[in-house]
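A quick write-up on the structure given underneath.
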Amino acid sequence: MTATRVDAEVIRRLPKAVLHDHLDGGLRPATVVELADAVGHTLPTTDPDELAAWYFEAANSGDLVRYIATFEHTLAVMQTREGLLRTAEEYVLDLAADGVVYGEVRYAPELNTNGGLMLAEVVETVQEGLAAGMVKAAAAGTPVRVGTLLCGMRMFDRVREAADLAVAFRDAGVVGFDIAGAEDGFPPADHLDAFEHLRRESVPFTIHAGEAHGLPSIHQALQVCGAQRIGHGVRLTEDIVDGKLGRLAGWVRDRRIALEMCPTSNLQTGAATSIAEHPITALKDLGFRVTLNTDNRLVSGTTMTREMSLLVDQADWTVEDLRTVTVNALKSAFIPFDERGALIEDVVLPGYEAAL
Ligand SMILES: [Zn+2]
């Protein structure tokens with residue numbers, strides 16, 4: 001079969017799946033402005049276009065810690081029931097508009113309690129907003145299923161509490177768990193008790209690893225903590241020399257462990273140097289289960305359509321490649337096997353047929 005090139009409008013219509021996208025990194029600029037005004041929070045600018053540009057510039061520092069610092073202004077408007085309901089609902093509608101049919105949203109409830117909400121109230125409120133968004137998206141003819149990953153912040157001491165929440169809400173829309181925040185200096189095994197608890201409770205989890213820190217972080221996430229997926233994992237290429245896989249890279253490929261790769265975000269934090277040379281292409285060609293993700297749509301100024309277009313334009317990706325990473329994402333999604341299969345067979349594959 002000859003490879004098929006695609007243009008941006010075709011890409012927008014393709015069914016997509018995203019496994020790695022932060023709720024607090026994906027707000028609409030206009031919503032941040034309105035909610036900040038309502039709660040009396042001062043922003044760098046109150047013009048939505050200027051704010052979007054400010055985020056992109058501020059996040060373009062080449063440093064993960066400074067990238068994360070930009071979240072101050074989104075988190076400031078996510079401390080009330082109104083703020084959480086609105087941002088969660090809009091999150092779903094924005095995914096639907098981008099052609100996403102399955103998404104996993106992640107956030108750390110401990111960062112949403114400054115307004116007095118209890119952790120459980122935060123989770124209940126976000127689920128309420130997501131559910132409202134899913135109803136509206138379906139009514140508009142663009143159904144999208146969104147599952148939630150709760151995060152603990154790896155540099156703080158509430159990771160076990162977040163894990164307990166994931167267990168408590170597993171039948172109420174939460175499908176898995178993650179740890180987020182500064183990777184360097186905060187290894188995954190610091191939170192081994194939380195991961196052991198999740199394993200005993202059979203709750204799946206992913207871990208941000210191999211972004212700011214290298215192979216030891218990925219090794220620990222998989223072989224000590226027991227993660228089923230890896231967030232980013234770009235530095236796994238350090239275990240591949242001239243196409244020959246080391247033991248850890250071999251484990252990841254052979255066990256079909258999904259890598260949640262986020263090209264634009266990696267350029268901004270300095271974890272990768274260009275789209276053309278981003279490790280996602282080499283890892284895909286070596287048969288790894290790579291998935292394509294946005295990470296933070298507002299902060300990185302991106303969408304799934306944009307990430308796909310960048311790879312098509314700058315790394316010679318074909319529509320078959322886009323279909324592969326979409327199917328990969330669904331194969332490794334944290335929802336039940338039969339639901340994943342139905343999305344692949346009934347939505348993704350026919351959607352690709354129809355779009356071409
Ligand atoms: Zn992330």
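The values are calculated or read from the model by the stated rules, or taken from the named source; none is laboratory data. All of these numbers come straight from a predicted model, not from anything done at the bench. Neighbour counts are summed over all protein chains in view; Cβ atoms, including those assigned to glycine, are modelled from backbone coordinates with ideal geometry. Protein only, heavy atoms only, side chains kept; ligands, DNA and RNA dropped before computing areas. Shrake-Rupley method; radii C 1.70, N 1.55, O 1.52, S 1.80 Å.
Values computed for the structure shown
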{"item": "Residue that is nearest to the chain's Cα centre (by Cα), among those in the stretch 179-236 that are under 19 Å from Leu165 (Cβ atoms) and among the polar types (S, T, N, Q)", "result": "Thr206"}
{"item": "Residue match in the stretch 236-252 (condition: open to solvent by 20 Å² or more (accessible area, probe 1.4 Å), in a strand (DSSP E or B) and either out of contact with any Leu (no Cβ under 9 Å at 6 or more places or on another chain) or within 16 Å of the ligand (Cβ to nearest atom) (or both))", "result": "yes"}
{"item": "Unique residue being under 24 Å from Gly176 (Cα atoms), of a type in the set (Gly, Ala, Ser) and either within 16 Å of the ligand (Cβ to nearest atom) or touching a Ser or Thr at 6+ places or on another chain (Cβ under 9 Å) (or both) when the list is Gly226, Gly233, Gly270", "result": "Gly233"}
{"item": "Residue ranges of helices (runs of 4 or more DSSP H) in the stretch 302-356 with at least 3 members crowded, with 20+ Cβ neighbours inside 10 Å and at pLDDT below 95", "result": "none"}
{"item": "Of all residues making up the stretch 253-267, the number that are under 24 Å from Lys331 (Cα atoms) and either within 16 Å of the ligand (Cβ to nearest atom) or buried (at least 22 other Cβ atoms within 10 Å of the Cβ) (or both)", "result": "9"}
{"item": "Qualifying position, being closer than 18 Å to Val234 by Cα, surrounded by fewer than 19 Cβ atoms within 10 Å (Cβ to Cβ), in contact with an Asp or Glu (Cβ under 9 Å, 6 or more places away or on another chain) and modelled with pLDDT of 95 or more, among Ala276, Ala282", "result": "Ala276"}
{"item": "Candidate set from the stretch 25-43 (those that are part of a loop (DSSP other than H, G, I, E, B) and open to solvent by 60 Å² or more (accessible area, probe 1.4 Å)); member that is nearest to Glu89 (Cα to Cα)", "result": "Arg28"}
{"item": "Selection status of Ala221, in contact with an Asp or Glu (Cβ under 8 Å, 6 or more places away or on another chain), within 16 Å of the ligand (Cβ to nearest atom) and on the phi < 0 side of the Ramachandran plot", "result": "no"}
{"item": "Residue list for the stretch 44-60, filter: open to solvent by 20 Å² or more (accessible area, probe 1.4 Å) and assigned to a helix (DSSP H, G or I)", "result": "Pro48, Asp49, Glu50, Ala52, Ala53, Trp54, Phe56, Glu57, Ala58"}
